[in-house]
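As C-alpha cells, the structure follows; a few thoughts come after it.
Every number here is computed from the coordinates shown, using simple stated rules; none is lab data. Keep in mind that what you see is a predicted model, and the values were worked out from it rather than measured. Here the Cβ is made from the backbone with ideal geometry for all residues, glycine too, and neighbour counts use every protein chain on show.
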Amino acid sequence: MTNFFDNFSLRSHNTFGLEATARYWAEFHSTAELIEIVRHCREHDLPWYVLSGGSNIILTGNFPGVILHPAARTITRPEPTLVRAEAAVVWDELVAWCVEQGLGGLENLSLIPGYVGASPVQNIGAYGAEAKDTIETVEYLDTETLQIVRLPGRDCAFGYRESIFKGTLRGRAIVTAVEFRLTDEKSGNYTYNIGYGDLHEKVMALGGASLAHIREAVIAIRQAKLPDPAVTGNAGSFFKNPVIPAAQAAALRAQHPDMPGYTSADGSEVKVPAAWLIDRAGWKGFRCGTVGVHPKQALVIINLGGATAQEILNLARRIIADVEQKFGIHLTMEVNVL
Ligand code: EPU
C-alpha cells in the first residue's frame, strides 16, 4: 500500500491551522487502493474519516484511526459538455479549466477552497450558484458493499449546504469523482448568472458578461472580503444562513427595517444572512486572545495565531447565545467538527 504514514500531523491539512495528529494517514490514488485501505480499516477495527482540502473542518483532537486522503486528480471531458473530475482535483483549478474551455456553470464558484470530492457533500455555493445546479453524477465507494456507485445528481438530496452524503450516506460513502453538465458559452444557450449582490456591477465594469469576467469579478469580491487561509486560519463561513418563518421575519423587520433577507419561492420562509445578525449584534472585528471575527465579513471566525479548537468553539457558542438573545434566531454551524 502506498503512502501510509503513522502519527501524522494534520496541521497543514486544515485551513484553521489547528494542531492535531492522525494515528494513520493514507492516500489513495485509485479506487482499488481505496478499497484496500477500507478493508484494512475493517480488519483492524479502525475508524476512518475522509479529509481532502480540510477547508471546512475543526479538528478537536488527535484522530485515533485512519485519515483517508484522495490523491487522484485527473480532469476529463467524456462528452463536449460533460466534465469529469476526480476527487483530489483542487476545486478552483477545475473552475479555471472549465472557464478556459468556454464551459459555463462553475464560474460563480471561483476561488472556493477545497477539493472536488467535497463539492457534492457540502453542495458548495456562492454568488447565486450551487454545485447541485451542474452536478450530473457523483461516483462514490459504498464502504459497506465495497462497490463503486454512480448516483445521479437528482438523487443526491441536495439542499442548502446539504446532501445525502451528510444524511443517510454519512460515514458510508467516499466520493471518488464528480461529473458536471456544463453549457458551451458559444452555443448561445447560456444564461450568465450575475444577479447576486454587487456582481453585476463588477462584471459590467470589466467589460460585460463572459465566463472570464465573472470569474475575475468573483475572485476580486472574495479576495476583498474573505481572509486568505494561508495567512489567517479560517474555514470560510462558520455558520449557515438561518431560514426563519416569514411571520418571524416580518416581526424582526418591524424592529430592524434594514434587515436583509431572501424570501422562499412560496413566500413562507425567509433566509436571513447570519453575517448581518452577527454584525448587528456587535461581533464584527471582535478579538479575544487567539480567536476573532473577521473585520470584513462577520460570518468568518479567524485564528489569530495558535488558537485551539476549544477556543474557536467557545467563541462560536458565545455568538450563538448572543444572536439568539437579541434576535430569537438560533444559528447552526456550517463547519464540520471532528
Ligand atoms: N453582511 C453584513 N455584515 C457582514 C457581511 C455581510 O451585514 O459583515 C450582510 C450584508 O447585508 C450582505 C449579506 O449579509 O448583503 C450577505 O452577505 P454576503 O453576500 O457576503 O454573503 P453571506 O450570506 O454572508 C454566503 C455564503 C458564502 C458565499 C457568499 C456569497 C453561506 C453560509 N455563506 O455568505 O459562502 O461566498 O454567500 O455568495 O451561505 C462559505 O460557505 O464558506 C462561504 C464563504
task = Please report, in debye to the nearest 20, how large the charge dipole of the chain is about its Cα centre when each Lys and Arg carries +1 at its beta carbon and each Asp and Glu carries -1 there.
result = 820 debye
ask   = Taking neighbour counts of Cβ atoms within 10 Å as a proxy for exposure, in what order, fewest first, do PHE158, PHE16, PHE5 appear?
value = PHE5, PHE158, PHE16
query = Full extension from ASN189 to MET204: what is 0.36 nm times the residue separation minus their Cα-Cα distance, to one decimal in nm?
reply = 3.4 nm
ask   = Using 0.36 nm per residue, how much length does the chain from LYS326 to GLU36 gain when fully extended, once their Cα-Cα distance is taken away?
value = 99.2 nm
note = For GLY233, the residues 5 or more places away or on another chain with a placed amide H closer than 5 Å to its own amide H are ASN303
request  = Work out from phi, with θ = phi - 60° and the Karplus expression 6.51 cos²θ - 1.76 cosθ + 1.60, the ³J(HN,Hα) of each residue of the stretch 278-295, listed in order in whole Hz, and give x for Gly and Pro.
outcome  = 5, 4, 5, 6, x, 8, 4, x, 4, 9, 8, x, 8, 10, x, 10, 4, x
message = Once you order the gyration tensor axes a ≥ b ≥ c over the Cα atoms, which shape class does the chain get: rounded for a/c under 1.5, otherwise prolate or oblate by comparing a/b with b/c?
response = oblate
inquiry  = Using 27 Å as the Cα-Cα cut-off, could you pick out the over-long pairs in LYS240/LYS296; LYS271/LYS326; LYS132/LYS326?
reply    = LYS132/LYS326
query = On full extension of the chain, what length is gained from VAL243 through MET333, given 0.36 nm per residue of separation minus the C-alpha to C-alpha distance?
reply = 31.1 nm
remark   = the chain, Gaussian network, Cα under 10 Å: of ALA129, ALA249, ALA298, the residue fluctuating most is ALA249
query = Nearest 20 debye, what's the magnitude of the dipole of the stretch 1-157 about its Cα centre given +1 on Lys and Arg Cβ and -1 on Asp and Glu Cβ?
reply = 120 debye
query = To the nearest µm²/s, what D does Stokes-Einstein give for the stretch 250-335 at 20 °C and 1.002 mPa s, using the Kirkwood radius over alpha carbon pairs as Rh?
reply = 155 µm²/s
note = When the chain is treated as a Gaussian network with springs between alpha carbons less than 10 Å apart, the largest mean-square fluctuation among TYR24, TYR49, TYR262 is found at TYR262
Cα-projected label distance for ALA250 with ARG77, points at 7 Å along beta-carbon direction, nm = 5.1 nm
